[in-house]
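Notes to accompany the following structure.
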Amino acid sequence: MVHRAAGAIVLLLATLLLQGCLSPVESIDEGQLDVLEAEAGYLLIAVDTNFNLDQIKLGGRKYLSLNRDDLQHGTNFILARVPAGKYRIISVHLNFLYAFKLDDENWRFEVTPGVVSYVGHLNVQNRLRNMTARIELENRSSEALEFLESNFPHLIDSEEVRYAGPGEDDFFLYVRSLERGAGE
């Protein structure tokens, strides 16, 4: 009985410590674009959900969290400056009681210095009857490009945009080559 109580206390302390290490990701607006730090890049992710999420935790070079302000019902693009490096989506929190841990290779991505790294559309559909969720990371590069063109045209003129999610996709490079060809 004493061992269980001690184990529970250690687990609680470890959880609190990890929470303290999480840095909230602050999404940026067009007016907030400024010079990136040398070892920083832009993280672009879309969250498509049928309800308001509580939090999404990212781990890697730095532990980051996307909070409920950015995770509202519908499709929400989040563009943030983050330290460059390898990351993964650790968990999706439906609310303070229910969280889904994500630990396979499909949730890994890399943010490259000086680049807009599009990770994909994180699709989270909650099934309230049994508190389960269908969670997928989908590549919808054309929608991401439309978002950037509409909301951050100066950014895509000055910075490279790359798909950084699972798998390979040269869509952004292809679009850039077409733009260069049209300019000649």
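Quick notes on this structure:
- For Phe51 and Glu146, the FRET efficiency from 1/(1 + (r/R0)^6), where r spans their Cβ atoms and R0 equals 30 Å, is about 0.75.
- Solvent exposure of region 22-164, expressed per residue, is 49 Å² of accessible area, with all protein chains present and a 1.4 angstrom probe.
- Rounded to the nearest 10 Å², the accessible area of Phe171 at probe 1.4 Å: 60
- Once both labels are positioned 7 Å from their Cα atoms along Cα-to-Cβ, the gap between Arg176 and Gln72 label points is 3.3 nm.
- Annotation for Asn106 and His154: the two label points, set 7 Å from Cα along the Cα-Cβ direction, are 3.9 nm apart.
The values are calculated or read from the model by the stated rules, or taken from the named source; none is laboratory data. All values derive from a computational prediction rather than experimental measurement. Because the Cβ atoms are built from the backbone with ideal geometry, glycine has one as well, and the counts that use them run over all protein chains shown. Surface areas here come from the heavy atoms of the whole protein model, side chains and all, with no ligands, DNA or RNA. Shrake-Rupley method; radii C 1.70, N 1.55, O 1.52, S 1.80 Å.
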